[in-house]
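One structure is given below, encoded as structure tokens.
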Amino acid sequence: MSNTAGSTDTTSLNVESLTVSLGERSYPIFVGDVGFSDPAKLAEGLAPYLKGNQVAIITNETIAPLYLQQVQSALGNRQVDVFQMPDGESYKSLDTYTQVMDFLLEKKHNRSTCLIALGGGVVGDLCGFVAATFQRGVDFIQIPTTLLSQVDSSVGGKTAVNHPAGKNMIGAFYQPLAVFADISVLETLPDREYAAGLAEVVKYGIIYDADFFAWLEANAPALVQREKYALTHIITRSCEVKAAVVSEDEREGGRRAILNYGHTFGHAIEKLLGYGRLLHGEAVSIGMVMAARLSVEFSGLALADSQRIEKLLQQLNLPVTLKGLELNAEAMIDAMGMDKKVVDGELRFVVADQMGSVRVASHVSVSALEKTLAEFC
Ligand SMILES: NC(=O)c1ccc[n+]([C@@H]2O[C@H](COP(=O)([O-])OP(=O)(O)OC[C@H]3O[C@@H](n4cnc5c(N)ncnc54)[C@H](O)[C@@H]3O)[C@@H](O)[C@H]2O)c1
């Protein structure tokens, strides 16, 4: 693969590996059986990235009873301190950030400490922002435990906490030293959380790789069953696609915006329904179907391809319509007008020309938009 260096020897770990290529900030992602069933294996994998004697694991109250022990036993005789936060998006906050800072200082962590994020995107985003700012930046490793965090939030270096005025309003671009995505942890993930992660996987097929999209269609039942071969493939390929896009545009100056396919609609749906009613991935699923319909009107996507997108998302147990959700077209347009992807007053949409190929369009006609919304509301 052009976007992967694949130079890390992982034979002894029996995992797939790829590299996010960002010059001196490049880092590897390991996918598969990274060692949750064997502390020695995990220890071997982690060792090259642990330079000092101090480690702080940031995790939450749901994940700790399931997986903390496995990570702790892989860290040997180092000073290991664990900060357990409560579960939930509302704890991705400045308040928790301050508590983690207080904790690290109280435990006398110094600049050579390494933070390990053990959890989903909430833990990863918060831990990454702490790592970016604790004593002007310390090492951190991501051990993502949700499908969404394995295919999306642990790749690309966006770290943040929320502010009452908006999500991810306080943050930094900061890359981890390495990412360890173990597929066995997905066995305990609730069904809705798992499906929400699949929405982002489908997105990579639509925006970048038509063959991958076809593979997802052919393997949809295996994906629903969480079969290991399917998980390893989708996580690896998703990370490759995200890594390729991020490597071209680390700080979201241009190309990286294609990762927002379906998100302009999705964010409006989340905002109108109130955060929490639908999971982010569920709102994005509906948003991707809406973006596909808009693409049929606006950028020449074949109707058959739009229908394929809808069918695949349905097969993966994701919602594809707003019917029954009491949203109207006018409210959606208003909510999108507030969206952060509005640049200089122009509403920008990521539209597909064909399967596997998208672009950012800034002059989508209101009539095309209204027509799309009328089909959904
Ligand atoms: N940094 C980025 O580029 C980026 C990209 C996308 C999303 N995000 C952020 O990610 C967050 C969402 O992440 P998420 O979807 O992983 O949600 P999450 O971290 O809230 O995890 C979802 C739920 O699953 C639980 N959980 C995690 N792993 C589990 C496991 N293996 N078994 C059982 N339960 C488990 C969690 O405790 C939580 O209750 C949001 O804050 C979003 O803003 C960041």
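The values are calculated or read from the model by the stated rules, or taken from the named source; none is laboratory data. Predicted, not measured: the structure shown is a model, and the values here were computed from it. Cβ coordinates were reconstructed from backbone atoms using ideal geometry, including for glycine residues, and neighbour counts include every protein chain displayed.
Conditions tested, residue by residue: (1) modelled with pLDDT under 95; (2) more than 20 Å from A361 (Cα to Cα); (3) touching a Phe, Trp or Tyr at 6+ places or on another chain (Cβ under 9 Å).
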site: H233; (1), (2), (3): no, yes, yes
site: G253; (1), (2), (3): yes, no, no
site: L272; (1), (2), (3): yes, yes, no
site: R277; (1), (2), (3): yes, yes, no
site: G281; (1), (2), (3): no, yes, no
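How many residues does segment 38-60 contain that are of a type in the set (K, R) and loosely packed, with under 15 Cβ neighbours inside 10 Å?
Residues of segment 38-60 that are of a type in the set (K, R), as a first pass: 41, 51.
Next, from what is left, pick out any that are loosely packed, with under 15 Cβ neighbours inside 10 Å: 51.
So the count comes out to 1.
Do we find a residue being within 21 Å of P144 (Cα to Cα), in contact (Cβ under 8 Å) with a residue 40 or more places away in the chain, within 16 Å of the ligand (Cβ to nearest atom) and assigned to a helix (DSSP H, G or I) anywhere in segment 214-227?
Going through segment 214-227, the residues within 21 Å of P144 (Cα to Cα) turn out to be 223-227.
Subsequent filtering for residues that are in contact (Cβ under 8 Å) with a residue 40 or more places away in the chain retains 223-224, 226.
Checking which are within 16 Å of the ligand (Cβ to nearest atom) leaves us with 226.
Applying the additional criterion that residues be assigned to a helix (DSSP H, G or I) yields none.
No, there is no match, as no residue in segment 214-227 is within 21 Å of P144 (Cα to Cα), in contact (Cβ under 8 Å) with a residue 40 or more places away in the chain, within 16 Å of the ligand (Cβ to nearest atom) and assigned to a helix (DSSP H, G or I).
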Restricting segment 112-168 to residues that are more than 12 Å from the chain's Cα centre (by Cα) and closer than 20 Å to V284 by Cβ, the residue that is farthest from the ligand (Cβ to nearest atom): G166
Report whether or not R255 is of a type in the set (K, R), touching a helix residue (DSSP H, G or I) at 6+ places or on another chain (Cβ under 6 Å) and under 16 Å from I207 (Cβ atoms). yes
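Restricting to segment 174-195, give me the number of residues that are of a type in the set (F, W, Y) and surrounded by fewer than 23 Cβ atoms within 10 Å (Cβ to Cβ). Give the steps one after another, and end with the answer.
Step one: list which residues in segment 174-195 are of a type in the set (F, W, Y), which gives 174, 180, 194.
Within this subset, residues satisfying the condition of being surrounded by fewer than 23 Cβ atoms within 10 Å (Cβ to Cβ) are 174, 194.
Result for segment 174-195: 2.
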State whether the residues of segment 351-365 include one that is outside the structural domain of A165 (by TED's automatic domain parsing), surrounded by fewer than 16 Cβ atoms within 10 Å (Cβ to Cβ), at pLDDT below 80 and small (G, A, S). yes
Of the conditions (1) modelled with pLDDT under 95; (2) farther than 30 Å from R237 by Cβ; (3) buried (at least 22 other Cβ atoms within 10 Å of the Cβ), the single one that T113 does not satisfy is (1)
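Taking into account only those residues within segment 118-136 that are touching a helix residue (DSSP H, G or I) at 6+ places or on another chain (Cβ under 7 Å) and outside any helix (DSSP H, G or I), which is nearest to F36 (Cα to Cα)? Quick ask: steps written out before the conclusion?
Here is the first cut: in segment 118-136, the ones touching a helix residue (DSSP H, G or I) at 6+ places or on another chain (Cβ under 7 Å) are 118, 120-122, 124-126, 129-130, 134.
Now narrow it down to the ones that are outside any helix (DSSP H, G or I): 118, 120.
Numbers: L118: 12, G120: 16 Å.
The residue in question is L118.
From the list A199, A283, pick out the single residue that is closer than 30 Å to E326 by Cβ, within 16 Å of the ligand (Cβ to nearest atom), without any contact (Cβ under 8 Å) to a residue 24 or more places away in the chain and of a type outside the set (D, E, K, R).
On the way: A199 fails: without any contact (Cβ under 8 Å) to a residue 24 or more places away in the chain.
That would be A283, the only listed residue that is closer than 30 Å to E326 by Cβ, within 16 Å of the ligand (Cβ to nearest atom), without any contact (Cβ under 8 Å) to a residue 24 or more places away in the chain and of a type outside the set (D, E, K, R).
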Does I63 qualify as being away from the ligand (no atom under 13 Å from the Cβ) and crowded, with 17+ Cβ neighbours inside 10 Å? no
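Give the residue that is surrounded by the fewest Cβ atoms within 10 Å (Cβ to Cβ), with candidates limited to residues of segment 142-173 that are of a type in the set (A, V, I, L, M, F, W, C) and free of Cβ contacts under 8 Å to residues at least 40 places away in the same chain. Outline the logic, then answer.
Of all residues in segment 142-173, those of a type in the set (A, V, I, L, M, F, W, C) come to 143, 147-148, 151, 155, 160-161, 165, 169-170, 172-173.
Checking which are free of Cβ contacts under 8 Å to residues at least 40 places away in the same chain leaves us with 165, 169.
Details: A165: 7, M169: 13.
This residue is A165.
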Looking at Q69, Q84 in this structure, which one is assigned by TED's automatic domain parsing to the domain that holds K158, touching an Asp or Glu at 6+ places or on another chain (Cβ under 8 Å), within 16 Å of the ligand (Cβ to nearest atom) and of a type outside the set (K, R)? Q84
Which of the residues belonging to segment 27-47 are without any contact (Cβ under 8 Å) to a residue 40 or more places away in the chain and either over 18 Å from N14 (Cα atoms) or part of a helix (DSSP H, G or I) (or both)? P39, A40, K41, A43, E44, A47
Looking at (1) modelled with pLDDT of 95 or more; (2) under 15 Å from the mean Cα position of the chain (by Cα); (3) near the ligand (Cβ under 10 Å from one of its atoms), which is the one condition that is false for P190? (2)
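How do the helices (runs of 4 or more DSSP H) wholly within segment 241-337 filter down when requiring 3 or more residues that are in the same structural domain as L369 (by TED's automatic domain parsing), surrounded by fewer than 19 Cβ atoms within 10 Å (Cβ to Cβ) and of a type in the set (S, T, N, Q): which remain?
Values: elements: 263-273, 280-298, 303-315, 329-337.
Filter on segment 241-337 gives 303-315.
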Boolean, F36 is in the same structural domain as L177 (by TED's automatic domain parsing) and either more than 17 Å from L126 (Cβ to Cβ) or of a type in the set (S, T, Y) (or both): yes
